[in-house]
Every structure is written in structure tokens, then in C-alpha cells.
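Here's the structure, in C-alpha cells; my notes come after.
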Amino acid sequence: MNTKKAKGFKRTSALTLGAMGVVYGDIGTSPIYAFNEAVKAGGDSRNEILGVLSLVFWTLTAVVSVKYLIFVLRADNRGEGGTLAMLSQLPTKIREGKKGIYGFTVFIFLMAAAMEFSDGILTPAISVVSAVEGIKSVNPDLEFLVVPLTVIILAVLFTFQFKGTHRIGAVFGPVMIVWFLTIAFVGVSQVVQNPESLVALNPVYAFQYIVQHQWATLFVMSSVILAVTGAEALFSDLGHFGRTPIRIGWFGLAGLALPLNYFGQGALLLREPSAIGNSFFGMVPSGVPALLMLLITTFATIIASQALISAVASLTSQAVQLGFLPRVRIRHTNKKERGQIYVPFVNTVVGVGSIALVIIFESSTALAGAYSFAIAFTMLVSTIGLLILAFTQWSKYKFFLVPVFTIFLLMDLSLFAASSTKLVTGAWIPLIAGFCLGSMMWIWRKGRQQLDLRLHETSMTWDEVAKLRKKGKINLTDNLGIYPSAVIDIVPQALEQQIRVMGSMPKNVVVVKVTSVDMPYSHKAPEFTQINDFLSTVSISSGFMEQRNVPRALRSKTIAPHIDEREAIYFVTDRTLVPKHRTDLNRVEEVIFTTLHRNATAPAHFYHLPDRRVITFDVSIEV
């Protein structure tokens, strides 16, 4: 028992360290720019500074400590987090909705997922550029280096993503712990000099600010929300590290260091209002201390970028599994943790997008408007998901949960309204990107439904194949044909094409189905079933760390006595989609769906089939 506890403690400690380096990078670097932007929008008088500080503290507490860490982390899908994981937990009638309120609900969840993709592009851009801007506090004449240095840092970061988040977390975790200790120390040093800022712990100051400024508070809240950037990463990165390490990291360090730093910035501004616009770097004396702070801030913002990059990778994998995106190449980078993955195509898109935003906007202030909108929309949708779950899966506790989640909804609606004030100055970027990517996922889902329906309508049955063989209407080739297929019950398209076009088929047919299981490696042996004198099936269980290697599975001890894989020929299809005159897809949707389908990973590559023994049939299908 002691040994098990020791191993459990060691594993939890390692994951907590990794979580500090990956999950909390984004929200951990928010003090660099969030309070600066909020005070610039909120005013420079004593009461205004205290009011903004109180708004920041209570927003941080309500959103992160209460909403995400207590409630949202429970809306997982077998350990996986994120918007799509929450969607997968909703009732079937909602998940499969095509029209009306159910269809709209699915679409806003897809848009929220798309906003997480946008966050993955925006976070590295704003985090790194805000840190490099600190070079101006060291020497104002070096401001021209901000954009070039940011681009170089981002290029290096994205280049090394293939190493995996467990390696990155192991390196970044200790650095991030130093970061939190540093910003806490710097904040405390300012609070000691001017403890007056601590009165902002009283929510009355936030309430008085709202009453005094009324609707103008919305413009301030559009900057205050920057203090909770990265909160969605706590949920999205759930599959990488687990619920307990994420909570330990927040309540043990991050959730203490961040408020201390914000109160330190408030103390500085109450004492020296001239520091407005430079409240973070202004807490550190000039000279060597400022240079050291610049260096550690730059390292911390590199880590901040990792939080959303990892979240986007997880989101892509979930979207593929749930049928919202076509197959893409996904590499698992850790044998022990399921969620730690690397997606080459997505990493390239996110990297190029981040660098492009830095070149176009050039400053953190210019990027802030775009950033806040994406965060607010994602948080609003997560609360809608919580309310739906409260009435369905958690109905036993709905009398307690619904009032709590309603308060969250009102809070998120106010934050969303506030961030909408930035639509003209940059929020249009994640809005358009979210709508386009969300629409793409909607179209892929809709197109796959049409394609599956068409395949079931037109496919031959095994009884028809048996009758044709019995009547001698098919020429039998003296070889073994292997057909990877997602569905064993219907005739694979490759075999159907052989029969209808060539009038032939292999003497012996093996249909192979690969089923993913929720563990790193499956120890379950492939199962061979003889259906009749010419047809047999093989079911293969594959763990998430294993390659879907069909040939290797067929050469295993349990299958080799039944079939000789080394002499077999593999038959797969390359589908060409032809639009029907009558279809649920309009012309634009047809073009998008066929383009996505054409660029999906080929079956031969996906199943690691031997090139010299693969025959691919080009099959035209009307959809």
C-alpha cells in the first residue's frame, strides 16, 4: 500500500509540475498586460484604481477558482476536456441536432471550439510581444527590436512542438514556478510599501465602480477579462494532466501569486499614478533588476504560448474522433498520458497565424481587443453547457446547480457584451475565424451524414455476393484479399468495385476493423472469425499510443495460423465525391466538404499498409 501511495504521489507531483509549465503559462502571464489595459480604460483616480483592482480580483476568483476548477472540470469526456468534450456529454437529441434550437446549440459549440483555435493563434502573439515590449523599460531606443525578436521566439517555439508536451512541461514547469514566486515577491514588495491596495479585496469597491460608471463599465470589463485569459486552457488541457494536478497547481501557487501581483500593481499606481501604462515592469527597479525581469518574463510568455498550443492539439484530436473534422496525422508523444499529442498540420497553421498577427498588429494593446472577444465567447458557451448538463446528467443536483450556473451565465453575458465593444478594433478577427472554422466543422458533420446514408443505400450485401459466387458470375482470383473497413456488416467499397467493374474477387476475403480503446497499449489479441467458406473477419483493438498497423496485427500469433498476411493483397478506396441533383448540401457546402474529404489522410497511410501490396480503387459516390 505504501509503495502504491508513493508511486501515486510521485506521479501526481510530476503531473503537477508539468501542469505548471503548460496549463498555467497563459493565465500566469496575464499580469504583464491585463491590469495595464484595465486601468488605462478605467481611470486614474484613487477610487477608480481600487474599483478596477477589485473587479480584476473578483473576476479571477469567480471565473477560475469557482467556475472552472470546481464545476467545469467535471464536464469531461473520459478524462478529456474542452468545448467538444462538453458537447459530447450533452443529450443525443442535442448532439445530433440539425435544425432549430438543437442545431443552433451544436453550431455555437462548434464556434466556441473554433474560438479555441483562435486563442491558440492569439495567445502566443500577445503573450510574447507583451514580454518583449519590456525591452523599452531597459532602453527605449531598442523598441524597434520588439517585432523581430517576437517573431524569432515564436518560430523557435513552434519548431520544437514535435518534442511533446511532457518534455516541454518538464523543462517549463520549474521555470514557471520561479515565475510565480517572482511575481508574488515583486507584488508583495509593493504592497508592503503601500498596503492601501488590499482594501480592494472588499467587493464593495467593484460594486461602487459599476454604479458610478454604469454602461461605461463595459469598456473596462473588456480589459478586465484579460486577467482570466487561459482559464479555458484549464479545461482543454485536462486530458494532458488530470483534474487533481491542475487544482493543486492553482490553489497551491498560481491562484495565490496572481492576486498578490495585481495588488502590488495597484499599490504602485496608488503611490505613483505616473506609472499607469507600465504598472508591471514599473514595480522593478531599473538597471540589472529590470533586465532580469525582462528575461524571466520572456521565458514565462514562451510557456504561456504552450498552454493554448497544447489545447488546440487536444481539440483537433477530439474533433476528428467526434466526426467534426477529417482524419489528420496525429502523433502521440507520451506513452503514459493519453492526451499529449502533436498535430503537424495544425501546429504549422497556428504558428504561421501567430507570427502573422505580430507582424500586422505590432503591439499587445492592438491585440488585446481581439483576444478578449474569443475568451468571452468560449466562456459563455461553457456556461450554457453547464446549464444543459445541470438539467440532464446532473439533474439530481439541479436545484443547487441551476441557480449557481445562472449567476455564471449573467456574469459571462456581461463579459461577452463588454468584449463586443472591441469588434471594430480587432475582435472581428476571432469572430470571422470562429464562424468560418465552425461552419467548416458543421459542413463536415453534415456531409459525413449524407455520405454514410448514401453508402448504406447503395452497398451490396454479403448475401448478394454469396449468390453471385454460387452462380459462377464472378471470376475468383487465387489469392487472399484484405479489406480494411469501418463497418464489417456491409461489403467494402473496394470489393464492390471489383465485382461490378472487373467481375472478379479474391477467392478468400478478410475484412479488418480497427477499434480504438481508451488505454496506451491494448493487450487484447486480434479476434479472428470465420463467417463462411470465403469470408472471415478480424477485429483489432488498438491503444491510443499504438500505430494503426494492420499488417503487424495480422502477423500476430493468434491470426497467423488462419491467414498468411505476407502473401495477401490489400484493397482500399479513394473516393471521389460527385454532387447529386438533390441533396441537403448547397453548392458552397459541397465544395467545402469535397475539398476536406480529398485532403483527409489516405487509408493506406492511416493503416500502415505495404505500398507494394496495395491496390486502390477510385470510387465515385454521389452525395
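The values are calculated or read from the model by the stated rules, or taken from the named source; none is laboratory data. These numbers come from a predicted model, not from an experiment. Every residue, glycine as well, gets a Cβ built from its backbone with ideal geometry; the counts of neighbours run over all protein chains shown.
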Just need a number here: residues in the range 174-223 that are at pLDDT below 90 and within 34 Å of the chain's Cα centre (by Cα). 12
Look through Leu69, Leu73 and report the one residue that is within 18 Å of Gln318 (Cβ to Cβ), in contact with a helix residue (DSSP H, G or I) (Cβ under 7 Å, 6 or more places away or on another chain) and in the same structural domain as Gly242 (by TED's automatic domain parsing). Leu73
Failed condition for Phe107, given (1) more than 24 Å from Val320 (Cβ to Cβ); (2) surrounded by fewer than 22 Cβ atoms within 10 Å (Cβ to Cβ); (3) modelled with pLDDT of 85 or more: (1)
Would you mind finding the one in Ser54, Ser65 that is crowded, with 22+ Cβ neighbours inside 10 Å and out of contact with any Lys or Arg (no Cβ under 7 Å at 6 or more places or on another chain)? Ser54
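Residues are listed down the side, and each one gets a yes or a no for (1) among the polar types (S, T, N, Q); (2) outside any loop (DSSP other than H, G, I, E, B); (3) out of contact with any Cys (no Cβ under 8 Å at 6 or more places or on another chain):
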residue: Cys436; (1), (2), (3): no, yes, yes
residue: Ser439; (1), (2), (3): yes, yes, yes
residue: Val491; (1), (2), (3): no, no, yes
residue: Asp533; (1), (2), (3): no, no, yes
residue: Ser536; (1), (2), (3): yes, yes, yes
Quick one: is Pro520 outside any helix (DSSP H, G or I) and at pLDDT 85 or above? no
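For every residue, the table says whether it meets (1) among the small types (Gly, Ala, Ser); (2) buried (at least 19 other Cβ atoms within 10 Å of the Cβ); (3) in contact (Cβ under 8 Å) with a residue 24 or more places away in the chain; (4) on the phi > 0 side of the Ramachandran plot.
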| position | (1), (2), (3), (4) |
| --- | --- |
| Val188 | no, no, yes, no |
| Val191 | no, yes, yes, no |
| Ile225 | no, yes, yes, no |
| Asp237 | no, yes, yes, no |
| Pro259 | no, yes, yes, no |
| Gly264 | yes, yes, yes, no |
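Residue-by-condition table, conditions (1) within 30 Å of Arg46 (Cβ to Cβ); (2) surrounded by 24 or more Cβ atoms within 10 Å (Cβ to Cβ):
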| position | (1), (2) |
| --- | --- |
| Gly249 | no, yes |
| Ala267 | yes, yes |
| Leu270 | yes, no |
| Asn278 | yes, no |
| Val288 | no, no |
| Phe299 | no, no |
| Ala304 | no, yes |
Based on what the data block shows, is Ile531 buried (at least 17 other Cβ atoms within 10 Å of the Cβ), at pLDDT 80 or above and more than 29 Å from Gln318 (Cβ to Cβ)? no
Could you say whether any residue in the range 451-474 is closer than 26 Å to Tyr607 by Cβ, surrounded by 14 or more Cβ atoms within 10 Å (Cβ to Cβ), touching a Lys or Arg at 6+ places or on another chain (Cβ under 7 Å) and not assigned by TED's automatic domain parsing to the domain that holds Phe361? no
Scan the range 24-41 and tell me whether some residue there is closer than 30 Å to Leu268 by Cβ, crowded, with 24+ Cβ neighbours inside 10 Å, over 27 Å from the mean Cα position of the chain (by Cα) and not hydrophobic (A, V, I, L, M, F, W, C). yes
Looking only at the range 578-623, which residues are among the small types (Gly, Ala, Ser) and modelled with pLDDT of 75 or more? Ala600, Ala602, Ala604
Residue that is surrounded by the fewest Cβ atoms within 10 Å (Cβ to Cβ) [pool: residues in the range 68-102 that are within 16 Å of the chain's Cα centre (by Cα), hydroxyl-bearing (Ser, Thr, Tyr) and part of a helix (DSSP H, G or I)]: Tyr68
May I ask you to verify whether Asp119 is out of contact with any Ser or Thr (no Cβ under 6 Å at 6 or more places or on another chain), surrounded by 15 or more Cβ atoms within 10 Å (Cβ to Cβ), at pLDDT below 80 and within 23 Å of Phe280 (Cβ to Cβ)? yes
What is the residue count in the range 266-289 for residues that are without any contact (Cβ under 8 Å) to a residue 24 or more places away in the chain and touching a Leu at 6+ places or on another chain (Cβ under 9 Å)? 1
Among the listed residues Glu196, Glu232, Glu143, which satisfies the condition of being crowded, with 22+ Cβ neighbours inside 10 Å and charged (D, E, K, R)? Glu232
Of everything in the range 6-55 that's farther than 24 Å from Trp179 by Cα and part of a loop (DSSP other than H, G, I, E, B), which residue is modelled with the highest pLDDT? Ser45
Picked from the range 343-401 (must be of a type in the set (A, V, I, L, M, F, W, C) and not in a helix (DSSP H, G or I)), the residue farthest from the chain's Cα centre (by Cα) is Trp394
Filter the range 202-221 for residues that are of a type in the set (Ser, Thr, Tyr) and closer than 18 Å to Lys422 by Cα and give the result. Thr217
Residue pairs within 8 Å by beta carbon, gap of at least six or interchain, first lying in the range 423-443 and in the same structural domain as Ala370 (by TED's automatic domain parsing), second among the acidic types (Asp, Glu), listed first then second, are Pro430/Asp119; Ile443/Glu589
Out of Glu196, Glu232, which single residue is in contact (Cβ under 8 Å) with a residue 12 or more places away in the chain and more than 16 Å from Asp26 (Cα to Cα)? Glu196
